[in-house]
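To start, the structure itself, in structure tokens.
The values are calculated or read from the model by the stated rules, or taken from the named source; none is laboratory data. Only a predicted model underlies this, so the values are computations on that prediction, with no experimental measurement involved. No Cβ is skipped: glycine too gets one built from the backbone with ideal geometry, and neighbour counts run over all protein chains shown. Surface accessibility is based on the protein's heavy atoms, side chains included, excluding ligands, DNA and RNA. Shrake-Rupley method; radii C 1.70, N 1.55, O 1.52, S 1.80 Å.
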Amino acid sequence: MLVVNGLRANVGEKEILKGLNFTVAAGEIHAIMGPNGSGKSTLAHVLSGREGYTVTAGTATFNGQNLLTLEPEQRAQLGLFLAFQYPVELPGVNNTYFLKAALNSIRKSRGEAELDAVSFLRLIKEKLKILHLDDSLLKRAVNAGFSGGEKKRNEIFQMALLEPKLAILDETDSGLDIDALRVVADGVNALRSSERSMIVVTHYQRLLDYIQPDYVHVLAKGQIIRSGGKELALELEEKGYGWIDAEGQAA
Amino acid sequence: MTSTSAVDEIVKSEYEHGFTTEIVSDTFPPGLNEDVVRAISARKGEPTFMTEWRLKAYRHWLTMTEPEWAAVHYPKIDFQSISYFSAPKRSEDAPKSLDEIDPILLETYQKLGIPLEEQKVLAGIAVDAVFDSVSVATTFRKSLAEAGVIFCSISEAVHDYSDLIKQHLGSVVPHTDNYYACLNAAVFSDGTFVYVPKGVRCPMELSTYFRINARNTGQFERTLIIAEEGAYVSYLEGCTAPQRDENQLHAAVVELIVMADAEIKYSTVQNWYPGDAQGKGGIYNFVTKRGDCRGDRAKISWTQVETGSAITWKYPSCLLRGEGAIGEFYSVAVTKGCQQADTGTKMIHIGKNTRSTIVSKGISAGKGQQTYRGLVRIGQRAEGARNHTQCDSLLIGDQCSANTVPYIEVKHPSANMEHEATTSKISDDQLFYCRSRGLTEEDAVSMIVNGFCKEVFNELPMEFAVEAQKLLSISLEGAVG
């Protein structure tokens, strides 16, 4: 589904990603772990098309299409979804209205009929049920005045509604207490399917207790220095990033 | 509504009042003097009191100087180069078909979803077919008459309701008020008159749109709305579609009179020609709008969406005299391209326990310049007066500017004043967030801007609000990136 090959990217003059290689197949969950400043969020942003990054080498293809030349909305229309580390507030923009516009924009791009208000509302109710959310957030402005936990839940709700093929969760666990973390993880797990892949970017192993990854990659200083199964995360938790750093330097 | 019917009406009115005029052509030669003022009055068949009223204003105007304090810049207006009377265009002068109309204008009509027949009227094309809206208007007038509501042109009112006109015209905005209001008093072309009797709730929202002869009222429009005790009326002015207009200078006057327990809700959508990309040829809009809450618990609510004109100079105001009177001002103003706007409100608290609310949303894009200028004055006797002001500016791009100039005068210690002001930009984060959800950049901008304006749109009548949102999106197309 996603093939990243030799990906290098700069912010200004500074190289942040120094040649990444990994492949995500349909239905797989990959965790990307690493210390602060290792390039985790940069990877998430480069894949979703945020401005301010220059790709200097390498490729990223999504179902055979070159991702890197596409606008962010085109990537979303192809089925890519980024759950933000810091979801952005849109004062005055009603959440339901926003989601309807987003979903219909995606449907339109695929030549599907746009949903009318009634069928959209039915869909939204169904998704709320799956995620065990109440409908109070539908009436509010997008993320405006939401607590940290509400924002993250809203991200997962958007993901449920937009039904992406590949979801990138950028430090979704940051700033969440254990209860909120469980709600978010339950939501993510409810959306797991053999058709849907996920990249879970996280600093801590904690989230991976709830969302079990198929593969774990450890990112340090812009490179994947270790890849393995979910046991790698536990090993990392036990020994700390210093262990990898030391190994990385030794290598 | 059709130019032919408008012409018919003029012809008919001349015949009715049996006057002749020395000036043969439809448009007066440029220039302004007492003879021109007399000629305008004669042309409209006005009674002597009206002619004298105009002359008094004209003589005062000669003693005044053009104000220069507003933060707008434009070449000096030569008032002697303007023609002060122009009869509605005859059909043979009008464009014959939509092929002769500026394609950009047509594109806008299409985006707004305006039916073809209406497009023709807006573009000033002679239309032979009788419109649905004509018959609609007739029906409306009938049910208004049943309720006792008077809704007619100010010219008609001068003839038919001269007592009301004598008593009220100029009582809120006297001719001495300001330069443009004074000019308007001398030469006003036409406008609207509304009278809602005691205890009557006007059965429908009034709009000039439904007044057959409301088109071509010219550059000096005058509106007078009176709500007697316990009456209510909602009035809509303007149109979301850009109207073709030959006149560059517009100096309108609007007067509202509200008695005890009465309410006037006045909504405006203004979308006049803003000029070309260099700002050439756009409308200068110098308007004086003021409402007088004469009775206790009287209420005035101004709501405006201003997206057009090259220059806007406009401060809809409320005189809160009666005890517990309420004044509200909700405004969205957009300046883009080379547009300039100096706009705001005045809330003059005179009575006890008077309240006012100001919500002003300014959006600047391109090289647009915008100033919010607002006065809140709490008088010596205005015990317990309250004001809440919220002024938000949104900047799009880095060549536009926004200023906020609040004037606050408080002469009673019990006053409660709140002033909030913010300036923000549409952030890259917001745009990226929307785009990552599949929305195009333009849809994202339009969504964020509409969200920014929501508090004001909520105050507009439903259909107007939907149109205003659409209008805003179209106005800001291509503003980013």
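Results, tabulated for the structure shown:
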quantity	calculated
Selection count, the range B:454-470, where residues are closer than 19 Å to A:Leu99 by Cα and facing another protein chain (nearest Cβ under 10 Å)	1
Enumeration of residues in the range B:26-60 that are assigned to a helix (DSSP H, G or I) and either among the charged types (D, E, K, R) or touching an Asp or Glu at 6+ places or on another chain (Cβ under 7 Å) (or both)	B:Glu34, B:Asp35, B:Arg38, B:Arg43, B:Glu52, B:Arg54, B:Leu55, B:Lys56, B:Tyr58, B:Arg59
Leading residue by the ranking (most open to solvent (accessible area, probe 1.4 Å)) among those in the range A:139-191 that are in a helix (DSSP H, G or I), of a type in the set (Lys, Arg) and out of contact with any Asp or Glu (no Cβ under 9 Å at 6 or more places or on another chain)	A:Arg182
Residues of the range B:319-365 that turn out to be of a type in the set (Gly, Ala, Ser) and outside any strand (DSSP E or B), as a count	5
Residue under evaluation A:Lys127, criteria (1) free of Cβ contacts under 8 Å to residues at least 40 places away in the same chain; (2) touching a Leu at 6+ places or on another chain (Cβ under 6 Å); (3) within 12 Å of another protein chain (Cβ to nearest Cβ), criterion not met	(3)
Hits in the range B:370-406 - residues which are farther than 20 Å from B:Thr343 by Cα and open to solvent by less than 20 Å² (accessible area, probe 1.4 Å)	B:Ile378, B:Gly379, B:Ala382, B:Ala385
Condition check for B:Leu394: within 18 Å of B:Leu476 (Cα to Cα) and touching a Phe, Trp or Tyr at 6+ places or on another chain (Cβ under 9 Å)	yes
Qualifying residues in the range B:427-449 (those that are free of Cβ contacts under 8 Å to residues at least 40 places away in the same chain and either surrounded by fewer than 22 Cβ atoms within 10 Å (Cβ to Cβ) or out of contact with any helix residue (DSSP H, G or I) (no Cβ under 9 Å at 6 or more places or on another chain) (or both)) - the one farthest from the other protein chains (Cβ to nearest Cβ)	B:Glu442
Residue identified as among the polar types (S, T, N, Q), within 14 Å of chain B (Cβ to nearest Cβ) and free of Cβ contacts under 8 Å to residues at least 60 places away in the same chain among A:Gln85, A:Gln65, A:Gln77	A:Gln77
Number of the condition not met by B:Val334 [criteria: (1) in contact (Cβ under 8 Å) with a residue 60 or more places away in the chain; (2) aliphatic (A, V, I, L, M); (3) farther than 25 Å from B:Tyr180 by Cβ]	(3)
Exclusive hit being surrounded by 15 or more Cβ atoms within 10 Å (Cβ to Cβ), within 14 Å of another protein chain (Cβ to nearest Cβ) and not in a helix (DSSP H, G or I), set A:Leu99, A:Leu133, A:Leu103, A:Leu115	A:Leu115
Criterion: under 13 Å from the mean Cα position of the chain (by Cα) and of a type in the set (A, V, I, L, M, F, W, C) - qualifying residue of A:Ile168, A:Ile130	A:Ile168
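Let's see how each residue does on (1) of a type in the set (Val, Ile, Thr); (2) farther than 11 Å from B:Ser301 by Cα; (3) at pLDDT 90 or above:
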{"residue": "B:Cys318", "(1), (2), (3)": "no, no, yes"}
{"residue": "B:Glu328", "(1), (2), (3)": "no, no, yes"}
{"residue": "B:Lys336", "(1), (2), (3)": "no, yes, no"}
{"residue": "B:Ile348", "(1), (2), (3)": "yes, yes, yes"}
